[in-house]
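Reviewing the structure listed below.
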Amino acid sequence: MARRWFWLACTAGIAFASLTRTQAIAFVSFLAEYGDKCMHFAMYLVYALASCWAGPHRGHRWQIFSAVTLTCSAYGFLMEILQSSFPSLQRQFSIADALANSLGAATGAWLWIRSVPPPTLPVTGAVKAT
């Protein structure tokens, strides 16, 4: 249950960070021009890890990777569209941000499937030695 609450907190946190008028990137000023992209990448990496951790663990590892990457990327794309839909936010749609979101999501999902051992198949029909 705590896994799902953590995932929900990540979802709400990303929505809040994406749809409020803040300068949250100021603390990574040492990254200057690319700090925003690094923040997008990191947020969606964590979001993908939270999605893998909270979600059902059925299916092949690459199915999980694909589903999580596509879902998190679509959520990131939606947040970019919503940012441009509200003029009061003074934000605009950025394909570079959407790409950073997708790369972060793919990296997080890849890290998850690489850390989880593959499922073991039951041994059936053992061969008798003659």
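For this structure, a couple of remarks:
- The ranking of 69, 107 by Cβ neighbour count inside 10 Å, starting from the fewest, reads 107, 69.
- Taking other C-beta atoms within 10 Å as the exposure proxy, 47, 34 rank 34, 47 from fewest upward.
- Annotation: the residues 68, 46, 116, sorted from fewest to most other C-beta atoms within 10 Å of their own C-beta, follow the order 116, 46, 68.
Each reported figure results from applying straightforward, stated rules to the coordinates on display, with no laboratory input. Computed from a predicted structure; not experimentally measured. Quick reminder, even Gly has a Cβ in these numbers, built from the backbone with ideal geometry, and neighbours come from all protein chains shown.
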